[in-house]
Amino acid sequence: MKIIIVSDTADYLLVDKPAGFSVHRDQQLVSLLDLLRQQTGYPYLAPVHRLDQATSGLWLLAKTPASAAALSAQFEQRQVEKYYLALSDKKPSKKQGKVEGALVKARAGSYRLARSGEPWSVTQFFSYGLGDGCRLFLLKPLTGRTHQLRVVMRSLGAPILGDTRYGSSQSQADRCYLHAYSLAFSVGSELIRYTLPPAQGTAFLAEPCQQRLAELSAPWQLSWPQIEKGKL
């Protein structure tokens with residue numbers, strides 16, 4: 001399998017992670033990181049954030065220890081803008097807004113949203129009807145918690161299409177429909193932005209979804225409410 005390279009610079013490598021592959025070994029013999037090292041031959045590659053196995057899209061890796069430290073600090077300090085796409089065939093409890101709560105461990109490796117506790121999570125979102133009962137969600141996580149967006153979608157009553165762990169009724173979907181769509185970070189004093197439409201999944205590639213994505217090519221320009229940093 002050849003991994004698609006989105007950008008390759010002296011400081012970082014940005015790739016299109018395919019859905020269904022783990023970025024770390026996770027009890028497997030070979031990880032996506034192993035495959036990427038074999039493909040590129042780079043002596044140093046360090047992931048600065050993690051995507052779930054089910055998630056596709058923009059995955060950022062540093063190419064030097066210095067850039068790894070700088071980029072990792074931006075993620076830890078929540079200075080990186082992240083936007084995700086998700087599809088659901090269920091009607092959400094609200095069509096746009098904010099979901100916040102503590103992500104606490106549940107059974108069998110899953111998580112649930114609680115009204116109090118730690119770690120706290122905050123997610124903003126807009127959603128758009130695509131017809132035939134399908135809805136596209138544009139998600140902006142302001143925190144980076146394990147399974148955050150999958151739990152948020154379940155809490156809205158609209159589990160992600162194909163996400164059977166969190167209640168999707170579409171067990172025969174060709175993938176879990178969660179995609180890391182857009183990323184903005186800094187290298188030195190320069191702000192870098194990337195947007196990458198999904199290349200996998202029949203529902204993502206269907207015409208109604210493609211038409212809507214053409215209108216969402218710059219998700220940072222939407223009217224996202226401002227949230228004070230101290231409240232995250």
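The values are calculated or read from the model by the stated rules, or taken from the named source; none is laboratory data. Since the structure is predicted, the reported quantities are computational estimates derived from the model, not experimental observations. Glycine gets a Cβ as well: all are built from the backbone with ideal geometry, and neighbour counts include every protein chain shown. Accessible surface is based on the protein model in full, side chains and every heavy atom, while ligands, DNA and RNA are left aside. Shrake-Rupley method; radii C 1.70, N 1.55, O 1.52, S 1.80 Å.
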Quiz item: In the range 54-66, what residues are of a type in the set (Ser, Thr, Tyr) and open to solvent by less than 10 Å² (accessible area, probe 1.4 Å)?
Solution: THR55, SER56
Self-check item: Among the candidates SER189, SER155, residue that is out of contact with any Asp or Glu (no Cβ under 9 Å at 6 or more places or on another chain) and in contact (Cβ under 8 Å) with a residue 12 or more places away in the chain
Solution: SER155
Self-check item: Where a residue in the range 29-51 is open to solvent by 20 Å² or more (accessible area, probe 1.4 Å) and its partner, wherever it lies, is among the charged types (D, E, K, R) and part of a loop (DSSP other than H, G, I, E, B), with Cβ under 7 Å and at least six apart
Solution: GLN39/LYS2; TYR42/LYS63; TYR44/LYS63
Quiz item: What is the residue count in the range 153-188 for residues that are buried (at least 23 other Cβ atoms within 10 Å of the Cβ) and β-branched (Val, Ile, Thr)?
Solution: 1
Self-check item: Pair list, Cβ under 6 Å, 6 or more apart: the range 209-232 residue within 24 Å of SER121 (Cα to Cα) and aliphatic (A, V, I, L, M), other residue open to solvent by 100 Å² or more (accessible area, probe 1.4 Å) and modelled with pLDDT of 95 or more
Solution: none
Quiz prompt | Unique residue being within 25 Å of TRP59 (Cβ to Cβ), among the basic types (Lys, Arg) and at pLDDT below 95 when the list is ARG150, ARG145, ARG154 | solution = ARG145
Self-check item: Residue tally, condition in contact (Cβ under 8 Å) with a residue 60 or more places away in the chain, closer than 30 Å to PRO208 by Cβ and within 18 Å of the chain's Cα centre (by Cα), over the range 81-127
Solution: 12
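When you look at LEU14, is it at pLDDT 95 or above and buried (at least 17 other Cβ atoms within 10 Å of the Cβ), yes or no?
Here the answer is yes, as LEU14 does meet what is asked.
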Quiz item: Which residues, taken from the range 1-39, are in a strand (DSSP E or B) and more than 23 Å from PHE204 (Cβ to Cβ)?
Solution: ASP8, TYR12, LEU13
Exercise. Would you confirm whether any residue within the range 172-183 is in a helix (DSSP H, G or I) and touching an Asp or Glu at 6+ places or on another chain (Cβ under 8 Å)?
Key: no
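Which fully enclosed strands (runs of 3 or more DSSP E) of the range 67-138 have 1 or more residues being open to solvent by less than 40 Å² (accessible area, probe 1.4 Å), β-branched (Val, Ile, Thr) and under 20 Å from LEU178 (Cα atoms)?
Qualifying strands (runs of 3 or more DSSP E): 96-105, 120-131.
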Quiz prompt | Filter result for ARG145 (open to solvent by 10 Å² or more (accessible area, probe 1.4 Å), among the basic types (Lys, Arg) and closer than 21 Å to ILE227 by Cα) | solution = yes
Quiz prompt | Lone unmet requirement of (1) at pLDDT 95 or above; (2) within 24 Å of LEU136 (Cβ to Cβ) for ALA62 | solution = (2)
Quiz item: How do the pairs read when you match residues in the range 133-147 that are touching a residue at least 40 places away in the same chain (Cβ under 8 Å) and on the phi > 0 side of the Ramachandran plot with residues anywhere that are in a strand (DSSP E or B) and open to solvent by less than 40 Å² (accessible area, probe 1.4 Å), using Cβ under 8 Å and keeping only pairs 6 or more apart or on different chains?
Solution: HIS147/LEU103
Practice problem: Take the range 139-171 and flag every residue that is more than 27 Å from PHE75 (Cα to Cα) and in a loop (DSSP other than H, G, I, E, B). | Solution: GLY157, ALA158, LEU161, GLY162, GLY167, SER168, SER169, GLN170, SER171
